[in-house]
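Only one structure is covered here, and it is reproduced in the block below.
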Amino acid sequence: MLTKAYDVLKEIYGFSEFKTGQKEVIDKILQGKDALAIMPTGGGKSLCYQIPSLVFEGITIVVSPLISLMKDQVDALTELGIPATYLNSTLTAAEMNVRLKKAVNGDYKLIYVAPERFQTEEIFYLMHTITISMIAIDEAHCISQWGHDFRPSYLSLGESIQQLDYRPIVLALTATATPVVSNDIISLLGIHSDNRIKTGFERDNLAFQVIKGQERNRFLLDYLTVNKGQSGIVYASTRKEVERIYELLNAKNIKAGKYHGGLKEDERNSWQEKFLYDEVTVMVATNAFGMGIDKSNVRFVIHYQIPKNIEAYYQEAGRAGRDGLPSDAILLFSPQDMQIQKFFVDQSELNDELKNQEYRKIREMAQYGSTQICLQRYIVEYFGDNCDDCGRCSNCLDDREATDITLETQKVLSCVKRMGETYGKSLIMKVLTGSKDKKVTQWHFEELSTYGLMKGVPQKEITQLIDYLTAEKYLSPTDGQYPVLKLTEKAVTVLKGEMIVTRKQAKVAQKVAVDDAL
Ligand code: ADP
(Lines give C-alpha, C1' and ligand atoms only; values in the text may rest on other atoms or scores of the structure.)
Protein backbone atom coordinates (compact mmCIF):
# COMPACT_ATOMS: atom_id res chain seq x y z
CA MET A 1 0.00 0.00 0.00
CA LEU A 2 2.82 2.38 0.86
CA THR A 3 4.21 1.98 -2.67
CA LYS A 4 0.90 3.29 -3.97
CA ALA A 5 1.23 6.26 -1.63
CA TYR A 6 4.72 6.95 -3.02
CA ASP A 7 3.32 6.80 -6.56
CA VAL A 8 0.66 9.38 -5.70
CA LEU A 9 3.25 11.61 -4.01
CA LYS A 10 5.42 11.58 -7.13
CA GLU A 11 2.90 11.44 -9.93
CA ILE A 12 0.22 13.75 -8.60
CA TYR A 13 2.07 16.11 -6.30
CA GLY A 14 5.49 15.96 -7.96
CA PHE A 15 7.36 15.53 -4.65
CA SER A 16 10.13 12.99 -4.38
CA GLU A 17 10.18 12.34 -0.62
CA PHE A 18 7.81 12.47 2.32
CA LYS A 19 8.35 15.12 4.95
CA THR A 20 9.11 14.01 8.50
CA GLY A 21 6.15 12.16 9.97
CA GLN A 22 4.10 11.98 6.77
CA LYS A 23 5.15 8.43 5.95
CA GLU A 24 4.39 7.17 9.48
CA VAL A 25 0.93 8.76 9.48
CA ILE A 26 0.05 7.56 5.99
CA ASP A 27 1.32 4.07 6.79
CA LYS A 28 -0.94 3.78 9.87
CA ILE A 29 -3.96 5.03 7.92
CA LEU A 30 -3.33 2.66 5.04
CA GLN A 31 -3.18 -0.19 7.57
CA GLY A 32 -6.73 0.79 8.52
CA LYS A 33 -5.82 2.34 11.86
CA ASP A 34 -7.06 5.61 13.31
CA ALA A 35 -4.34 8.12 14.14
CA LEU A 36 -3.55 11.45 15.71
CA ALA A 37 -0.89 13.43 13.85
CA ILE A 38 0.77 16.26 15.73
CA MET A 39 2.96 18.11 13.28
CA PRO A 40 4.13 21.72 13.22
CA THR A 41 2.60 24.35 10.94
CA GLY A 42 4.01 23.83 7.47
CA GLY A 43 4.79 20.22 8.34
CA GLY A 44 2.63 18.93 5.51
CA LYS A 45 -0.47 17.71 7.30
CA SER A 46 -2.76 18.02 4.25
CA LEU A 47 -0.97 15.28 2.34
CA CYS A 48 -1.40 12.95 5.32
CA TYR A 49 -5.09 12.66 4.47
CA GLN A 50 -5.10 13.61 0.80
CA ILE A 51 -2.80 10.79 -0.25
CA PRO A 52 -4.68 7.99 1.59
CA SER A 53 -7.96 9.39 0.27
CA LEU A 54 -6.68 8.74 -3.25
CA VAL A 55 -5.45 5.26 -2.41
CA PHE A 56 -8.72 4.25 -0.72
CA GLU A 57 -11.99 3.42 -2.42
CA GLY A 58 -14.80 5.69 -1.25
CA ILE A 59 -14.98 9.23 -0.02
CA THR A 60 -12.93 11.15 2.52
CA ILE A 61 -14.59 13.82 4.62
CA VAL A 62 -12.28 16.58 5.80
CA VAL A 63 -13.51 18.58 8.77
CA SER A 64 -12.01 22.03 9.01
CA PRO A 65 -13.04 25.20 10.85
CA LEU A 66 -11.25 27.29 8.25
CA ILE A 67 -14.13 28.18 5.97
CA SER A 68 -12.14 30.87 4.20
CA LEU A 69 -9.50 28.32 3.26
CA MET A 70 -11.75 25.54 2.02
CA LYS A 71 -12.24 27.09 -1.40
CA ASP A 72 -8.48 27.52 -1.88
CA GLN A 73 -7.84 23.93 -0.89
CA VAL A 74 -10.55 22.60 -3.17
CA ASP A 75 -9.25 24.77 -6.04
CA ALA A 76 -5.73 23.45 -5.49
CA LEU A 77 -7.00 19.85 -5.52
CA THR A 78 -9.08 20.47 -8.64
CA GLU A 79 -6.00 21.83 -10.35
CA LEU A 80 -4.21 18.59 -9.53
CA GLY A 81 -7.09 16.71 -11.12
CA ILE A 82 -8.52 15.47 -7.82
CA PRO A 83 -12.33 15.74 -7.60
CA ALA A 84 -13.17 17.65 -4.43
CA THR A 85 -15.74 20.06 -3.03
CA TYR A 86 -16.74 21.83 0.15
CA LEU A 87 -19.96 22.23 2.12
CA ASN A 88 -20.22 25.27 4.36
CA SER A 89 -22.37 28.27 5.19
CA THR A 90 -21.11 30.31 2.22
CA LEU A 91 -23.18 28.19 -0.17
CA THR A 92 -26.77 28.91 -1.18
CA ALA A 93 -29.34 26.17 -0.59
CA ALA A 94 -29.36 25.46 -4.33
CA GLU A 95 -25.57 25.11 -4.51
CA MET A 96 -25.65 22.87 -1.48
CA ASN A 97 -28.22 20.62 -3.13
CA VAL A 98 -26.23 20.28 -6.32
CA ARG A 99 -23.12 19.33 -4.37
CA LEU A 100 -24.98 16.86 -2.15
CA LYS A 101 -26.42 15.14 -5.22
CA LYS A 102 -23.01 14.92 -6.83
CA ALA A 103 -21.55 13.60 -3.58
CA VAL A 104 -24.16 10.85 -3.44
CA ASN A 105 -23.35 10.10 -7.07
CA GLY A 106 -19.74 9.48 -6.12
CA ASP A 107 -18.41 12.46 -8.07
CA TYR A 108 -15.96 13.55 -5.34
CA LYS A 109 -13.03 11.90 -3.57
CA LEU A 110 -12.70 14.58 -0.90
CA ILE A 111 -15.44 16.67 0.71
CA TYR A 112 -14.48 19.51 3.06
CA VAL A 113 -17.10 20.17 5.71
CA ALA A 114 -17.30 22.84 8.42
CA PRO A 115 -17.88 21.33 11.89
CA GLU A 116 -21.18 23.20 12.45
CA ARG A 117 -22.61 21.30 9.48
CA PHE A 118 -22.57 18.06 11.44
CA GLN A 119 -25.66 19.22 13.28
CA THR A 120 -27.57 19.62 10.01
CA GLU A 121 -29.91 17.17 8.35
CA GLU A 122 -28.09 17.36 5.02
CA ILE A 123 -24.86 16.08 6.44
CA PHE A 124 -26.69 13.45 8.49
CA TYR A 125 -28.32 12.26 5.27
CA LEU A 126 -25.04 12.38 3.36
CA MET A 127 -23.10 10.48 5.99
CA HIS A 128 -25.72 7.76 6.08
CA THR A 129 -25.99 7.48 2.28
CA ILE A 130 -22.41 7.43 1.00
CA THR A 131 -19.54 5.19 2.06
CA ILE A 132 -17.00 7.20 3.95
CA SER A 133 -13.58 5.61 3.97
CA MET A 134 -11.97 8.21 6.19
CA ILE A 135 -12.78 11.27 8.26
CA ALA A 136 -9.86 13.68 8.59
CA ILE A 137 -10.26 16.20 11.37
CA ASP A 138 -8.06 19.24 10.89
CA GLU A 139 -7.25 21.60 13.80
CA ALA A 140 -8.29 18.71 16.03
CA HIS A 141 -7.32 20.58 19.23
CA CYS A 142 -10.65 22.42 18.79
CA ILE A 143 -12.38 19.32 20.18
CA SER A 144 -10.76 19.68 23.58
CA GLN A 145 -11.97 22.17 26.11
CA TRP A 146 -8.40 22.19 27.46
CA GLY A 147 -7.19 23.39 24.06
CA HIS A 148 -6.85 27.06 23.25
CA ASP A 149 -9.60 27.16 20.69
CA PHE A 150 -12.38 24.90 21.92
CA ARG A 151 -15.38 24.70 19.57
CA PRO A 152 -18.47 22.90 20.85
CA SER A 153 -19.41 21.93 17.27
CA TYR A 154 -16.40 19.61 17.26
CA LEU A 155 -18.01 17.54 19.99
CA SER A 156 -21.08 16.81 17.91
CA LEU A 157 -18.73 15.60 15.26
CA GLY A 158 -17.53 12.81 17.57
CA GLU A 159 -21.17 11.87 18.18
CA SER A 160 -21.95 11.87 14.45
CA ILE A 161 -19.13 9.40 13.83
CA GLN A 162 -20.42 7.13 16.59
CA GLN A 163 -23.92 7.10 15.11
CA LEU A 164 -22.70 5.52 11.87
CA ASP A 165 -23.29 1.78 11.67
CA TYR A 166 -19.69 1.32 10.55
CA ARG A 167 -16.53 3.02 11.61
CA PRO A 168 -14.58 4.99 9.01
CA ILE A 169 -10.90 5.56 9.66
CA VAL A 170 -10.43 8.67 11.78
CA LEU A 171 -7.37 10.84 11.36
CA ALA A 172 -7.05 13.83 13.71
CA LEU A 173 -4.46 16.49 12.86
CA THR A 174 -3.16 19.44 14.82
CA ALA A 175 -0.09 21.62 15.17
CA THR A 176 -0.62 22.56 18.79
CA ALA A 177 -1.40 20.01 21.42
CA THR A 178 -0.11 19.87 24.95
CA PRO A 179 -0.07 16.35 26.44
CA VAL A 180 -3.43 17.04 28.15
CA VAL A 181 -5.05 18.15 24.91
CA SER A 182 -3.59 15.28 22.93
CA ASN A 183 -4.94 12.76 25.50
CA ASP A 184 -8.30 14.44 25.29
CA ILE A 185 -8.40 14.21 21.49
CA ILE A 186 -7.61 10.51 21.44
CA SER A 187 -10.10 9.66 24.15
CA LEU A 188 -12.93 11.72 22.62
CA LEU A 189 -12.36 10.24 19.18
CA GLY A 190 -11.54 6.72 20.34
CA ILE A 191 -8.04 6.65 18.84
CA HIS A 192 -5.58 4.10 20.28
CA SER A 193 -2.77 5.82 22.14
CA ASP A 194 -0.15 3.83 20.17
CA ASN A 195 -1.34 5.60 17.06
CA ARG A 196 -0.25 9.06 18.09
CA ILE A 197 2.41 10.38 15.76
CA LYS A 198 4.25 13.43 16.88
CA THR A 199 7.05 14.95 14.88
CA GLY A 200 9.52 17.37 16.41
CA PHE A 201 7.89 20.62 17.37
CA GLU A 202 11.09 22.46 16.68
CA ARG A 203 11.05 25.01 13.89
CA ASP A 204 14.69 25.07 12.94
CA ASN A 205 14.43 28.05 10.61
CA LEU A 206 12.85 30.35 13.21
CA ALA A 207 14.93 32.65 15.40
CA PHE A 208 12.87 33.39 18.51
CA GLN A 209 13.64 36.68 20.18
CA VAL A 210 12.35 38.40 23.29
CA ILE A 211 12.91 42.15 23.34
CA LYS A 212 12.61 43.88 26.70
CA GLY A 213 13.18 47.38 27.94
CA GLN A 214 13.13 49.04 24.54
CA GLU A 215 10.72 51.62 23.26
CA ARG A 216 8.43 49.48 21.15
CA ASN A 217 7.49 51.88 18.36
CA ARG A 218 11.13 52.70 17.92
CA PHE A 219 12.12 49.04 17.78
CA LEU A 220 9.38 48.29 15.28
CA LEU A 221 10.23 51.17 12.95
CA ASP A 222 13.94 50.38 13.12
CA TYR A 223 13.31 46.71 12.44
CA LEU A 224 11.01 47.45 9.51
CA THR A 225 13.51 49.90 8.06
CA VAL A 226 16.34 47.39 8.24
CA ASN A 227 14.09 44.66 6.82
CA LYS A 228 12.42 46.88 4.23
CA GLY A 229 10.31 45.12 1.62
CA GLN A 230 10.11 41.87 3.55
CA SER A 231 6.77 40.38 4.31
CA GLY A 232 5.67 40.03 7.92
CA ILE A 233 2.89 40.19 10.49
CA VAL A 234 2.66 42.46 13.53
CA TYR A 235 0.22 41.14 16.11
CA ALA A 236 -1.34 43.43 18.70
CA SER A 237 -3.85 42.51 21.41
CA THR A 238 -6.60 45.00 20.73
CA ARG A 239 -8.33 46.51 17.71
CA LYS A 240 -7.39 49.96 18.93
CA GLU A 241 -3.72 49.05 19.04
CA VAL A 242 -3.95 47.58 15.54
CA GLU A 243 -5.40 50.85 14.22
CA ARG A 244 -2.73 52.89 15.98
CA ILE A 245 0.18 50.82 14.71
CA TYR A 246 -1.32 50.71 11.22
CA GLU A 247 -1.51 54.52 11.19
CA LEU A 248 2.03 54.81 12.55
CA LEU A 249 3.53 52.54 9.89
CA ASN A 250 1.70 54.15 7.01
CA ALA A 251 2.72 57.60 8.26
CA LYS A 252 6.33 56.38 7.96
CA ASN A 253 5.74 55.12 4.42
CA ILE A 254 5.72 51.47 5.36
CA LYS A 255 3.08 49.70 3.28
CA ALA A 256 0.93 48.11 5.93
CA GLY A 257 -2.50 46.53 5.93
CA LYS A 258 -4.76 45.87 8.90
CA TYR A 259 -7.05 43.09 10.05
CA HIS A 260 -9.32 42.76 13.04
CA GLY A 261 -12.83 41.71 13.97
CA GLY A 262 -14.13 45.30 13.95
CA LEU A 263 -13.66 45.67 10.19
CA LYS A 264 -16.34 44.69 7.70
CA GLU A 265 -15.86 41.31 6.11
CA ASP A 266 -15.09 42.65 2.64
CA GLU A 267 -12.54 45.07 4.07
CA ARG A 268 -10.85 42.23 5.96
CA ASN A 269 -10.83 40.07 2.85
CA SER A 270 -9.41 42.86 0.76
CA TRP A 271 -6.50 43.46 3.19
CA GLN A 272 -5.87 39.75 3.39
CA GLU A 273 -5.69 39.49 -0.43
CA LYS A 274 -3.36 42.47 -0.59
CA PHE A 275 -1.07 40.84 1.93
CA LEU A 276 -1.17 37.44 0.23
CA TYR A 277 -0.25 39.03 -3.10
CA ASP A 278 2.46 41.26 -1.59
CA GLU A 279 0.68 44.54 -2.36
CA VAL A 280 1.22 45.40 1.29
CA THR A 281 4.27 43.95 2.97
CA VAL A 282 3.29 44.22 6.61
CA MET A 283 -0.01 43.09 8.10
CA VAL A 284 -0.96 44.61 11.45
CA ALA A 285 -3.57 42.40 13.05
CA THR A 286 -5.27 40.97 16.08
CA ASN A 287 -5.33 37.22 16.53
CA ALA A 288 -8.39 37.18 14.22
CA PHE A 289 -5.90 37.09 11.38
CA GLY A 290 -4.00 34.17 10.09
CA MET A 291 -5.60 30.88 10.94
CA GLY A 292 -5.02 28.77 7.87
CA ILE A 293 -3.15 31.48 5.96
CA ASP A 294 -0.70 29.65 3.73
CA LYS A 295 1.67 32.44 2.79
CA SER A 296 5.06 30.87 2.48
CA ASN A 297 7.35 33.92 2.43
CA VAL A 298 6.44 35.53 5.75
CA ARG A 299 9.89 36.56 7.04
CA PHE A 300 8.91 37.81 10.48
CA VAL A 301 6.12 37.73 13.02
CA ILE A 302 6.36 40.43 15.68
CA HIS A 303 4.11 40.37 18.72
CA TYR A 304 3.68 43.91 20.00
CA GLN A 305 2.10 42.47 23.17
CA ILE A 306 2.00 38.97 24.61
CA PRO A 307 -0.76 36.75 23.28
CA LYS A 308 -2.99 34.77 25.65
CA ASN A 309 -0.90 31.63 25.84
CA ILE A 310 2.02 29.67 24.43
CA GLU A 311 -0.22 27.65 22.10
CA ALA A 312 -1.49 30.84 20.46
CA TYR A 313 2.01 32.31 20.41
CA TYR A 314 3.56 29.31 18.72
CA GLN A 315 0.77 29.10 16.19
CA GLU A 316 0.97 32.80 15.34
CA ALA A 317 4.77 33.01 15.38
CA GLY A 318 4.82 29.79 13.34
CA ARG A 319 3.28 31.63 10.39
CA ALA A 320 6.77 32.92 9.69
CA GLY A 321 9.04 30.85 7.49
CA ARG A 322 6.68 28.22 6.15
CA ASP A 323 9.01 28.00 3.15
CA GLY A 324 11.82 26.82 5.42
CA LEU A 325 13.96 29.96 5.03
CA PRO A 326 15.37 31.75 8.09
CA SER A 327 12.75 33.98 9.70
CA ASP A 328 12.25 35.93 12.92
CA ALA A 329 9.67 35.39 15.66
CA ILE A 330 9.91 38.40 17.95
CA LEU A 331 8.06 39.17 21.16
CA LEU A 332 8.17 42.73 22.47
CA PHE A 333 7.80 41.91 26.11
CA SER A 334 6.49 43.98 28.96
CA PRO A 335 5.14 42.15 32.04
CA GLN A 336 2.27 44.65 32.42
CA ASP A 337 0.75 43.37 29.18
CA MET A 338 -0.46 40.35 31.12
CA GLN A 339 -3.18 42.66 32.44
CA ILE A 340 -4.80 43.00 29.00
CA GLN A 341 -5.04 39.24 28.61
CA LYS A 342 -6.26 38.85 32.20
CA PHE A 343 -8.94 41.42 31.46
CA PHE A 344 -10.16 39.38 28.48
CA VAL A 345 -10.43 36.32 30.72
CA ASP A 346 -12.22 38.31 33.46
CA GLN A 347 -14.76 39.48 30.90
CA SER A 348 -15.27 36.05 29.41
CA GLU A 349 -18.15 33.73 30.17
CA LEU A 350 -15.87 30.88 31.20
CA ASN A 351 -16.57 29.07 34.44
CA ASP A 352 -14.15 29.50 37.35
CA GLU A 353 -12.19 26.36 36.61
CA LEU A 354 -11.57 27.36 33.01
CA LYS A 355 -10.78 30.93 34.02
CA ASN A 356 -8.11 29.65 36.39
CA GLN A 357 -6.68 27.58 33.61
CA GLU A 358 -6.50 30.64 31.35
CA TYR A 359 -4.80 32.71 34.07
CA ARG A 360 -2.19 29.96 34.42
CA LYS A 361 -1.61 29.95 30.68
CA ILE A 362 -1.13 33.72 30.64
CA ARG A 363 1.50 33.33 33.37
CA GLU A 364 3.28 30.63 31.41
CA MET A 365 3.30 32.97 28.43
CA ALA A 366 4.74 35.77 30.55
CA GLN A 367 7.40 33.42 31.90
CA TYR A 368 8.55 32.96 28.32
CA GLY A 369 9.44 36.65 28.45
CA SER A 370 11.47 36.25 31.64
CA THR A 371 13.25 32.95 31.13
CA GLN A 372 16.89 32.73 30.16
CA ILE A 373 16.77 29.19 28.83
CA CYS A 374 16.66 28.58 25.09
CA LEU A 375 13.33 30.00 23.86
CA GLN A 376 12.73 27.21 21.38
CA ARG A 377 13.38 24.69 24.16
CA TYR A 378 10.99 26.52 26.51
CA ILE A 379 8.21 26.17 23.94
CA VAL A 380 8.99 22.56 23.05
CA GLU A 381 9.08 21.61 26.74
CA TYR A 382 5.75 23.35 27.26
CA PHE A 383 4.30 20.91 24.72
CA GLY A 384 5.77 18.01 26.69
CA ASP A 385 8.70 17.34 24.36
CA ASN A 386 12.47 17.77 24.49
CA CYS A 387 15.01 19.38 22.22
CA ASP A 388 18.55 20.70 22.37
CA ASP A 389 19.27 24.40 22.69
CA CYS A 390 18.57 25.95 19.28
CA GLY A 391 21.61 28.22 19.10
CA ARG A 392 19.53 30.80 17.19
CA CYS A 393 17.27 32.48 19.75
CA SER A 394 18.00 35.67 21.65
CA ASN A 395 18.75 33.69 24.82
CA CYS A 396 21.15 31.29 23.09
CA LEU A 397 22.89 34.25 21.46
CA ASP A 398 23.03 36.27 24.65
CA ASP A 399 26.77 36.18 25.32
CA ARG A 400 26.86 38.33 28.45
CA GLU A 401 28.50 36.74 31.46
CA ALA A 402 26.06 35.19 33.90
CA THR A 403 26.45 36.58 37.41
CA ASP A 404 26.04 34.61 40.60
CA ILE A 405 22.75 35.65 42.25
CA THR A 406 22.58 32.82 44.79
CA LEU A 407 22.54 35.20 47.77
CA GLU A 408 19.70 37.40 46.45
CA THR A 409 17.81 34.26 45.49
CA GLN A 410 18.18 32.84 48.99
CA LYS A 411 16.82 36.11 50.42
CA VAL A 412 13.72 35.90 48.24
CA LEU A 413 13.17 32.20 48.81
CA SER A 414 13.57 32.37 52.55
CA CYS A 415 11.15 35.28 52.69
CA VAL A 416 8.60 33.22 50.75
CA LYS A 417 9.15 30.38 53.21
CA ARG A 418 8.82 32.56 56.32
CA MET A 419 5.62 34.07 54.98
CA GLY A 420 4.22 30.55 54.90
CA GLU A 421 4.13 30.15 51.10
CA THR A 422 0.66 31.66 51.11
CA TYR A 423 1.17 35.07 49.49
CA GLY A 424 1.68 36.53 46.05
CA LYS A 425 4.50 38.36 44.38
CA SER A 426 3.70 41.93 45.37
CA LEU A 427 3.39 41.30 49.11
CA ILE A 428 6.63 39.28 49.10
CA MET A 429 8.33 42.19 47.36
CA LYS A 430 6.95 44.62 49.95
CA VAL A 431 8.22 42.54 52.87
CA LEU A 432 11.66 42.27 51.29
CA THR A 433 11.89 46.03 50.78
CA GLY A 434 10.70 46.71 54.34
CA SER A 435 7.52 48.48 53.26
CA LYS A 436 5.10 49.84 55.86
CA ASP A 437 2.11 48.92 53.70
CA LYS A 438 -1.05 48.14 55.68
CA LYS A 439 -1.07 44.55 54.54
CA VAL A 440 2.49 44.07 55.80
CA THR A 441 1.71 45.34 59.27
CA GLN A 442 -1.70 43.68 59.38
CA TRP A 443 -0.03 40.28 59.17
CA HIS A 444 2.93 41.34 61.38
CA PHE A 445 5.41 40.64 58.66
CA GLU A 446 7.65 43.41 60.01
CA GLU A 447 8.57 40.89 62.73
CA LEU A 448 10.03 38.43 60.22
CA SER A 449 13.82 38.15 59.95
CA THR A 450 13.48 38.65 56.21
CA TYR A 451 11.63 41.96 56.59
CA GLY A 452 13.63 44.69 54.86
CA LEU A 453 16.30 42.22 53.79
CA MET A 454 16.51 43.89 50.38
CA LYS A 455 15.94 47.46 51.51
CA GLY A 456 17.21 49.96 48.95
CA VAL A 457 16.78 47.63 45.97
CA PRO A 458 14.20 49.16 43.59
CA GLN A 459 10.82 47.44 43.75
CA LYS A 460 10.84 46.83 40.02
CA GLU A 461 14.10 44.94 40.27
CA ILE A 462 12.81 42.66 43.01
CA THR A 463 9.63 42.00 41.01
CA GLN A 464 11.73 41.11 37.97
CA LEU A 465 13.90 38.84 40.11
CA ILE A 466 10.79 37.05 41.41
CA ASP A 467 9.54 36.72 37.82
CA TYR A 468 12.89 35.31 36.78
CA LEU A 469 12.90 32.81 39.68
CA THR A 470 9.38 31.77 38.70
CA ALA A 471 10.31 31.37 35.03
CA GLU A 472 13.33 29.28 36.04
CA LYS A 473 11.08 27.17 38.28
CA TYR A 474 12.45 28.00 41.74
CA LEU A 475 9.02 29.33 42.57
CA SER A 476 5.79 27.82 41.47
CA PRO A 477 2.59 29.87 41.31
CA THR A 478 -0.71 28.28 42.27
CA ASP A 479 -3.69 28.51 39.92
CA GLY A 480 -6.16 31.33 40.11
CA GLN A 481 -6.33 35.02 39.45
CA TYR A 482 -4.15 35.92 42.44
CA PRO A 483 -1.54 33.18 42.54
CA VAL A 484 0.38 32.34 45.65
CA LEU A 485 4.05 31.51 45.27
CA LYS A 486 5.39 28.24 46.63
CA LEU A 487 8.93 26.87 46.81
CA THR A 488 9.88 24.08 44.42
CA GLU A 489 12.33 21.25 45.16
CA LYS A 490 14.95 23.22 43.28
CA ALA A 491 14.37 26.13 45.68
CA VAL A 492 14.93 23.91 48.72
CA THR A 493 18.29 22.84 47.26
CA VAL A 494 19.26 26.50 46.85
CA LEU A 495 18.23 27.30 50.41
CA LYS A 496 20.38 24.43 51.66
CA GLY A 497 23.31 25.97 49.80
CA GLU A 498 23.60 23.00 47.47
CA MET A 499 22.90 24.86 44.24
CA ILE A 500 24.18 28.05 42.68
CA VAL A 501 21.81 30.37 40.81
CA THR A 502 23.04 32.56 37.97
CA ARG A 503 21.47 35.21 35.83
CA LYS A 504 22.48 37.42 32.96
CA GLN A 505 21.90 41.10 33.60
CA ALA A 506 18.68 42.66 32.37
CA LYS A 507 19.03 43.46 28.71
CA VAL A 508 20.40 46.87 27.81
CA ALA A 509 18.58 48.55 24.98
CA GLN A 510 20.41 47.83 21.76
CA LYS A 511 19.67 50.17 18.95
CA VAL A 512 19.17 48.41 15.67
CA ALA A 513 19.98 51.31 13.37
CA VAL A 514 18.79 54.23 11.33
CA ASP A 515 18.12 57.35 13.28
CA ASP A 516 16.16 59.02 10.54
CA ALA A 517 13.48 56.32 10.62
CA LEU A 518 11.43 58.45 12.96
P1 ADP B 1 0.35 22.15 7.38
O2 ADP B 1 -1.09 21.91 7.08
O3 ADP B 1 0.96 21.07 8.22
O4 ADP B 1 0.63 23.51 7.95
P5 ADP B 1 0.63 21.93 4.55
O6 ADP B 1 -0.07 20.66 4.35
O7 ADP B 1 -0.09 23.19 4.16
O8 ADP B 1 1.15 22.07 6.03
O9 ADP B 1 2.02 21.86 3.78
C10 ADP B 1 2.95 22.90 3.87
C11 ADP B 1 3.73 23.03 2.57
O12 ADP B 1 4.59 21.89 2.39
C13 ADP B 1 2.80 23.07 1.34
O14 ADP B 1 3.27 24.10 0.50
C15 ADP B 1 2.97 21.69 0.71
O16 ADP B 1 2.78 21.71 -0.68
C17 ADP B 1 4.40 21.32 1.09
N18 ADP B 1 4.62 19.86 1.18
C19 ADP B 1 3.84 18.96 1.81
N20 ADP B 1 4.36 17.72 1.71
C21 ADP B 1 5.50 17.82 1.01
C22 ADP B 1 6.52 16.89 0.57
N23 ADP B 1 6.45 15.61 0.87
N24 ADP B 1 7.56 17.38 -0.12
C25 ADP B 1 7.65 18.71 -0.41
N26 ADP B 1 6.74 19.64 -0.04
C27 ADP B 1 5.68 19.20 0.65
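The values are calculated or read from the model by the stated rules, or taken from the named source; none is laboratory data. Remember, predicted model here, so these are calculated numbers, not experimental data. Cβ: placed from backbone, ideal geometry, glycine included. Neighbour counts: every protein chain shown. Surface accessibility is based on the protein's heavy atoms, side chains included, excluding ligands, DNA and RNA. Shrake-Rupley method; radii C 1.70, N 1.55, O 1.52, S 1.80 Å.
Restricting to segment 19-52, count the residues that are in contact with an Asp or Glu (Cβ under 9 Å, 6 or more places away or on another chain) and part of a loop (DSSP other than H, G, I, E, B). Final tally of qualifying residues: 3.
Among the residues making up segment 180-190, those that are surrounded by fewer than 20 Cβ atoms within 10 Å (Cβ to Cβ) and either assigned to a loop (DSSP other than H, G, I, E, B) or of a type in the set (Gly, Ala, Ser) (or both) are Ser187, Gly190. Every test in (1) part of a strand (DSSP E or B); (2) within 10 Å of the ligand (Cβ to nearest atom) is passed by Thr85 save one, and that test is (2).
Among the residues of segment 287-345 satisfying the criterion of being of a type in the set (Val, Ile, Thr) and within 13 Å of the ligand (Cβ to nearest atom), which is surrounded by the most Cβ atoms within 10 Å (Cβ to Cβ)? The qualifying residue surrounded by the most Cβ atoms within 10 Å (Cβ to Cβ) is Val298. Only one of the listed residues (Leu66, Leu47) is at pLDDT below 95, on the phi < 0 side of the Ramachandran plot and either under 27 Å from the mean Cα position of the chain (by Cα) or more than 16 Å from the ligand (Cβ to nearest atom) (or both). That residue is Leu66. Those strands (runs of 3 or more DSSP E) of segment 196-241 in which at least 2 residues are open to solvent by 60 Å² or more (accessible area, probe 1.4 Å), over 21 Å from Asn395 (Cα atoms) and in contact (Cβ under 8 Å) with a residue 24 or more places away in the chain, considering only elements entirely within it, cover 196-198. In segment 270-286, of all residues being hydrophobic (A, V, I, L, M, F, W, C) and more than 27 Å from Ala177 (Cβ to Cβ), the one that is surrounded by the fewest Cβ atoms within 10 Å (Cβ to Cβ) corresponds to Leu276.
Within segment 28-58, the residues that satisfy the criterion of being among the aliphatic types (A, V, I, L, M) and open to solvent by less than 10 Å² (accessible area, probe 1.4 Å) are Ile29, Ala35, Leu36, Ala37, Ile38, Met39, Ile51. Restricting the first member to segment 168-179 and to residues that are open to solvent by 10 Å² or more (accessible area, probe 1.4 Å), and the second to residues that are part of a strand (DSSP E or B) and of a type outside the set (A, V, I, L, M, F, W, C), the beta-carbon pairs closer than 8 Å and six or more apart or on different chains are Ile169/Ser133.
When Ile130, Ile135 are checked against the criterion of being under 22 Å from Leu91 (Cα atoms), open to solvent by 10 Å² or more (accessible area, probe 1.4 Å) and not charged (D, E, K, R), a single residue qualifies: Ile130.
Condition check for Asp75 on (1) without any contact (Cβ under 8 Å) to a residue 60 or more places away in the chain; (2) more than 9 Å from the ligand (Cβ to nearest atom); (3) within 26 Å of the chain's Cα centre (by Cα): one failure, at (3). Summed over segment 244-275, residues that are more than 22 Å from Asp72 (Cβ to Cβ) and over 23 Å from the mean Cα position of the chain (by Cα) total 12.
Condition first: open to solvent by less than 20 Å² (accessible area, probe 1.4 Å) and under 35 Å from the mean Cα position of the chain (by Cα). Now tell me which residues in segment 409-423 satisfy that. Let's see the steps before the verdict.
Within segment 409-423, the subset open to solvent by less than 20 Å² (accessible area, probe 1.4 Å) is 409, 412-413, 415-416, 419.
Result: Thr409, Val412, Leu413, Val416.
Within segment 113-127, the residues that satisfy the criterion of being open to solvent by 10 Å² or more (accessible area, probe 1.4 Å) and assigned to a helix (DSSP H, G or I) are Glu116, Arg117, Phe118, Gln119, Glu121, Glu122, Phe124, Tyr125.
For Tyr359, are the conditions met, namely being under 30 Å from Met70 (Cα atoms), away from the ligand (no atom under 16 Å from the Cβ) and among the hydroxyl-bearing types (Ser, Thr, Tyr)? Answer is no for this residue.
Here Thr463 meets the list (1) open to solvent by 50 Å² or more (accessible area, probe 1.4 Å); (2) among the polar types (S, T, N, Q); (3) within 34 Å of the chain's Cα centre (by Cα) almost entirely, failing just condition (1).
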